[in-house]
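Q: Can you keep this structure in mind? I'll have questions shortly.
No lab work stands behind these numbers, since they all come straight from the coordinates. It should be emphasised that the depicted structure is a prediction, and the values quoted were computed from it without experimental measurement. Positions of Cβ are backbone-derived with ideal geometry, glycine not excepted, and every protein chain shown enters the neighbour counts.
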Amino acid sequence: MSESIPEMIDAVFDISCDLVPASYPFALWNALLPHMPALDKEACVGVVPLRTASSEAGMLLPKRSKLVLRLTESLAADFSCLSGQSLDIGGHTLQLGSGKLRKIQAYPTLHAHLVIGVDDEVKFLAEVTEQLSELGITGKLLCGMRNTLLAPDRVIQGYSLVIHDLKPDASLLLQYAGLGADRRFGCGIFVPYKVITDLD
């Protein structure tokens, strides 16, 4: 394991909310900071994208949805300060329930909803391959759809990505390190992915 990349752990919270705007990652991050300002001091900290379904009104959240924060072990010591907080997400209230820590496990196939990169699939995969090589990670890549996150002051674009045939140490390292920028907005965060079809 690379000494420069800290070991990470997931803080998992029950949530209550029916709907969030499509640009929710920005509002969610801004709503979390007042309750846990230390999040902003660690570039490697991330917010795992919520599981949502699109609708005309916004992004629907299924029942039993969870909010997952990927934290350094030092930050995880204070994660409970978020339990019970009400977050304003673009005019919608996201109520946090109790939280628990979940150790990151090694899986041979991982998926990221959006890895930031150029608008050219061949060049994007070449860039990803180079980043993985720098981490000492090898695996087979499967590029998915081009995705966009819109905010009032910026646009984030990239592709969804599956990496499979990962060895256990490489799987853990990739989940700890992520790929690309803007982990706080859910970009470049890898989670287990068991079926490498129907990418979104």
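Q: How large is the Kirkwood hydrodynamic radius of region 48-88, counting all unique pairs of alpha carbons, in Å?
A: Value: 12.5 Å, from the Cα pair sum.
Q: In whole Hz, with x marking every Gly and Pro, tabulate ³J(HN,Hα) for region 67-74 from phi via Karplus 6.51 cos²θ - 1.76 cosθ + 1.60, θ = phi - 60°.
A: Calculated HN-Hα couplings, in order: 9, 10, 9, 9, 10, 5, 5, 5 Hz.
Q: Taking every pair of Cα atoms in region 73-191, average 1/r, invert it to obtain the Kirkwood radius, and report Rg/Rh to two decimals.
A: 1.02
Q: Also, quick follow-up: Based on the alpha carbons, how large is the Rg to Rh ratio for the chain when Rh follows Kirkwood?
A: Over the Cα atoms of the chain, Rg/Rh equals 0.94.
Q: I've got another one for you. What number, in percent, do you get for the relative contact order of region 8-103 if the mean sequence gap of Cα pairs under 8 Å and at least 6 apart is divided by its residue count?
A: 47 percent
Q: Given Cα pairs under 8 Å that are at least 6 residues apart, what percent is the relative contact order of the chain?
A: In percent, rounded to a whole number, it is 28.
Q: Under the Kirkwood approximation applied to all pairs of distinct alpha-carbon atoms, what is the hydrodynamic radius of region 8-103 in Å?
A: By the Kirkwood definition, the hydrodynamic radius is 13.5 Å.
Q: What net charge do the residues around Asp119 carry, taking every other residue with its C-beta under 13 Å from that of Asp119, with Lys and Arg at +1 and Asp and Glu at -1?
A: -1
Q: Please compute one quarter of the surface area of the Cα convex hull for region 17-67 and express it in square nanometres.
A: The orientation-averaged projected area of the Cα hull of region 17-67 comes to 3.8 nm².
Q: Considering just Cα atoms, how many Å³ per residue does the convex hull of region 136-192 enclose?
A: 81 Å³
Q: Let me ask you something else. State, to one decimal in nm, how far the label point of Arg154 lies from the label point of Asp18, with both points 7 Å from Cα in the Cβ direction.
A: 3.3 nm
Q: Of Leu114, Gly180, Pro192, which is farthest towards the positive pole of region 110-192's charge dipole, taken about the Cα centre with +1 and -1 on the beta-carbons of Lys, Arg and Asp, Glu respectively?
A: Final value for the positive-end residue is Pro192.
Q: Dipole of the chain, Cα-centred, from +1 at each Lys and Arg C-beta and -1 at each Asp and Glu C-beta, to the nearest 20 debye?
A: For this selection, approximately 560 debye.
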